[in-house]
Amino acid sequence: MNKFFSFLALALLLCTASVAQQAVVSFKAMGHDDDPIYGMSGSTSYFLKLDPQYELDGSKLVLFFEPSQALLKDKSFINIIINDRPAYSNKLSADSIQKITLNLSRDDISSGQFLKIQIKTLATITDDKCKDLDNPAMWIKVKDYSYIMLTKSDKNFFANVNISNCFDSKRAIVYPANPTLKDLKAVAWAYARLKKTGINNIMVYEDGQKPDSIKNYIVVGTMDQLSANERSQVKVTPQAGEGLFYLHKEIRVETDTVTHLTAVKNVIMPVKTTITAKVPIEVLYVTGGDDAGFEKSITALGNLNILNSSFGDYLLINAAENTFFKTIDENRSKLSLKQIGGATNFMSGIGSLKSSFNFKNSDFSFTPKEIEIHFQGTYSAIIPGDRGFFNIYLNGSLISSQKLDVSGKLSTSVTINRYQHHKYNTLEAEFRFYPNNGNCHDAFTNFFSEIDVDQSYLESKNPFISNDLSFYQYPEAFNAGSTRIVVSQDIAKYAGAAMGEVIYELNNNINANNFPEFVYSKDFTDNDLKKYNIVAFLSRDDKLLTTNEFPDAPIKFNKKFRLYNSDNNKIVYALNDSVSNGLAQIFYGRSNNATLVLTATGSQLADAFLAASRSITEQLSTLSSNVCISDVNQNKYLFNINKSSENLDYIDTKSSLTRFWESYNLYILLGILVLILLSFLYVRSRIQRSQEIFND
């Protein structure tokens, strides 16, 4: 019942937020699911990025949490710390779903516009702490419908919003109606920059197609490509050879219709009302005085140092280069835990004390075959009678365990093979300490430990080398050498968002260093096919596909094909133009260069390209998939196809007679058998009749 009223309250708030110029943002919307806190003494932290248009004065934090039914509520506590300062402490109440409401102020936000929230718990099931130590019923769950009610304010809108922080609020990119290759390059880098801020659902629109409901967006194109209305919003004019970032800001009064949920005779009824509200508008123009200036703006999009230090409303760019980009072939075989985002964490207590770290294969220069995991740290010495262990978990599986001793020094390593690590990995280090039974009540704060994230490291021993490339090796297969993004001119405008996904993945590592050039397929030479790594977005009738420029491609995408199950010879996939499909395959090119080819079918080409580019970056369950087919309905198929595969069949290379025979051969054979049987019966009956005549 409490849970129902909590949802109802949240729904009412969502419907009325716009009237009060407030926004309600749930933890779920910010990427946080239900978050359980385990153990006697547990904690969890949230770092919530807030748009600068919101004012924390007058805002509220509303937390819903669900305690384990086994807890002694009057002896269990919850503590909330905001911006490293205590904000709330109390015992648990008897409710099954509990609610805490806290007022926020501008002092609660950090200088980086993050709201840091820590929730610490102390749980009790019995009066004996030693019995509670490893009881699995000790948990308190923070619900994902917890939310922040933020106050929108135009008071500091013009002062607070600038180029450095405006990307967090953008949700769309607009490009010219007839985009050039530079326009698409700008779209791709703007898309990658937005995705780096944590925005996932990024929309890309042709000029004139953007819905009026989108108020915060990016416009790309040279000054002469902008409409008259857009040019009037850009108050700074770049000269020839100059690039320009210009942030247009205004507050517009708009009238809208909102729906309230109102109780009428104990029945919740929707009631529509008209309101007038002030709406902040932000448009970031990425432009230039000419093509040369526009190219400088695009280059600046890839340089976070430039973007993060631009605190004004405009930035004129006379010269731009990605000096922070290191050489493509830089060796990244050994990474400290600090480099992959690990932080020093001093822990104390008994039971399980864990630290967690995340890393990707693409953080290394190449796909690792084996990884040495080395931990170094300190801990309080183990005295006789106490039991202490150090455990290492990779993706939830225990891979190493050792006893702690009186030295208080930790230095241990374990090597994992390619079957144990995935594209994306979670590494956990656990100190587990149990004091002697007689000292349990006096030893709860005696044990402490800390991982040295500077001296602990991951080291790739040697690269994973295979005869055929697979998506398991994407994107790190493109780290060595230079990359070219190739696109068919006739479908180029549909590939902008997919290009952005690829650009993001090529630079989604601890050292972004891949700045590929863009080229039309018609201008891509035979020598280029051998010289560069290639990411190609091609139409099915592009010359690169029809003239067999990729002889080692697993599938000829320019032909209609069917894929069979090799076990039972049943068709598992047949290309169908009635459904828009994105097709992707990865393989070695003519000079052993990494090659990724994507194409699309059907009427929804943009969505199909995007579906394929996203599917190949997911955590794949196989090491050998080299062909991916995904449709706009989020269905995905993975295959391992090679030249000797017998489960691939091209339909349009066969004659009409062959296709007729393959479609109806069973019926034809059955008809022949029936004719043979009828002929046999006819002949037999004639023989019997002849014998009867002869006997007579």
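Compute the helix-to-body angle for 656-695: its Cα long axis versus the longest principal axis of the chain, expressed 0 to 90° and rounded to tens.
The angle comes out at about 50 degrees.
In percent, what relative contact order does the chain have, based on Cα pairs under 8 Å that are 6 or more apart in sequence?
10
Fully extended, how many nm does the chain gain between A240 and L675 (0.36 nm per residue separation, minus their Cα-Cα distance)?
148.2 nm
Between T546 and Y664, what is the label-point separation in nm under the 7 Å Cα-to-beta-carbon projection?
3.2
Hey, how many Å between the Cα centroid of segment 172-194 and the Cα centroid of segment 117-138?
Result: 53 Å between the Cα centres.
Between K403 and S348, what is the label-to-label distance in nm when each label sits 7 Å out along the Cα-to-Cβ direction?
Label at K403, label at S348, 2.7 nm between them.
Taking only Cα atoms, what is the 0 to 90° angle, nearest 10, from helix 496-506's long axis to the longest principal axis of the chain?
It is inclined by approximately 60 degrees.
Return the carbon/sulfur percentage of the accessible area of the chain, one whole number, probe 1.4 Å, all protein chains in place. Write down the numbers at each step before the final one.
Working: 16760 of 33600 Å².
The computed percentage sits at 50.
Are there trypsin sites (Lys or Arg not before Pro) in segment 253-307 that DSSP puts in a loop and that have at most 10 other Cβ atoms within 10 Å, and which ones? Write down the numbers at each step before the final one.
Details: sites: K265, K272, K278, K296; in loops: K265.
In loop regions of segment 253-307 (DSSP not H, G, I, E or B), the sparsely surrounded trypsin sites (Lys or Arg not before Pro) are K265.
Taking a probe of 1.4 angstrom, what is the accessible area of L104 in Å², to the nearest 10?
Solvent-accessible area, nearest 10 Å²: 10 Å².
Say a site is exposed when it is one of the chymotrypsin sites (Phe, Trp or Tyr not before Pro), sits in a DSSP loop, and has at most 10 other Cβ atoms within 10 Å; what is then the longest site-free stretch of the chain?
Within the chain, the longest run free of exposed chymotrypsin sites (Phe, Trp or Tyr not before Pro) spans 1-310.
So how far apart, in nm, are the two label points at D95 and C130 if each is 7 Å from Cα heading toward Cβ?
3.8
Nearest 0.05, what FRET efficiency do K559 and E517 give at R0 = 35 Å with Cβ-Cβ as r?
0.75
Given the chain, what whole percent of its Cα pairs are spread farther than 41 Å?
Details: 109462 of 241860 pairs.
When every Cα pair of the chain is considered, 45 percent fall beyond 41 Å.
Between 0 and 90 degrees, rounded to the nearest ten: what's the tilt of helix 605-615 against the longest Cα principal axis of the chain?
That works out to roughly 60 degrees.
Counting only heavy atoms of protein chains, what accessible area per residue, in Å², does the chain have with a probe of 1.4 Å?
48
Pulled fully out, how much extra length does the chain show between K73 and K28, if you take 0.36 nm times their separation in residues and subtract their Cα-Cα distance?
Between K73 and K28, full extension yields an extra 13.5 nm.
How much of the pair distance distribution for segment 453-493 lies past 11 Å, counting alpha-carbon pairs only, in percent?
Details: 652 of 820 pairs.
The share of Cα pairs beyond 11 Å in segment 453-493 comes to 80 percent.
How many angstrom lie between the Cα centre of segment 57-78 and the Cα centre of segment 375-420?
One Cα centre to the other: 34 Å.
What does the charge count around S355 come to, taking other residues whose C-beta lies under 12 Å from its C-beta (Lys +1, Arg +1, Asp -1, Glu -1)?
Net of charged neighbours comes to -3.
Work out the charge dipole of the chain with +1 on the Cβ of Lys and Arg and -1 on the Cβ of Asp and Glu about the Cα centre, then indicate which of S355, P52, V236 is farthest towards its positive end.
S355
Once R0 is set to 22 Å, what does the formula 1/(1 + (r/R0)^6) return for the Cβ-Cβ distance between T412 and K369, expressed as a FRET efficiency to the nearest 0.05?
0.55
For segment 587-608 and segment 670-691, compute the distance between their C-alpha centroids and round to whole Å.
Measuring centre to centre over Cα atoms gives 59 Å.
For segment 374-509, calculate the relative contact order in percent as a whole number, restricting contacts to Cα pairs under 8 Å that are 6 or more residues apart.
Across segment 374-509, relative contact order equals 28 percent.
Given +1 on the Cβ of Lys and Arg, -1 on the Cβ of Asp and Glu, and no further charges, what dipole in debye does the chain carry about its Cα centre, rounded to the nearest 20?
It works out to roughly 920 debye.
Choose one of L150, Y217, I163: the residue whose Cα lies farthest towards the positive end of the charge dipole of segment 117-256 (beta-carbon charges +1 Lys, Arg; -1 Asp, Glu; about the Cα centre).
Of the candidates, I163 comes out farthest on the positive side.
Using the scaling law 2.2 N^0.38 Å as the reference, what is the normalised Cα Rg of segment 200-291?
Taking N as the residue count of segment 200-291, the ratio is 1.58.
Using amide H atoms built in the peptide plane, which far-off residues or other-chain residues are under 5 Å from V572 H to H?
Sorted by chain and number, the residues that satisfy this are L563, Y564, N565.
With a 1.4 Å probe and all protein chains in place, put H422, H248 in order of accessible area, largest first. Working shown, then result.
Numbers: H422 70, H248 25 Å².
Descending order: H422, H248.
Can you work out the FRET efficiency for the pair N201 and E250, with r the C-beta to C-beta distance and R0 = 25 Å, to the nearest 0.05?
0.50
The values are calculated or read from the model by the stated rules, or taken from the named source; none is laboratory data. A quick note: this is a predicted structure, and the numbers were derived from the prediction, not measured. For neighbour counting, all protein chains shown are included, and Cβ atoms are generated from backbone atoms with ideal geometry for every residue, glycine included. To get the accessible areas, we keep the full protein, side chains included, count just its heavy atoms, and leave off ligands, DNA and RNA. Shrake-Rupley method; radii C 1.70, N 1.55, O 1.52, S 1.80 Å.
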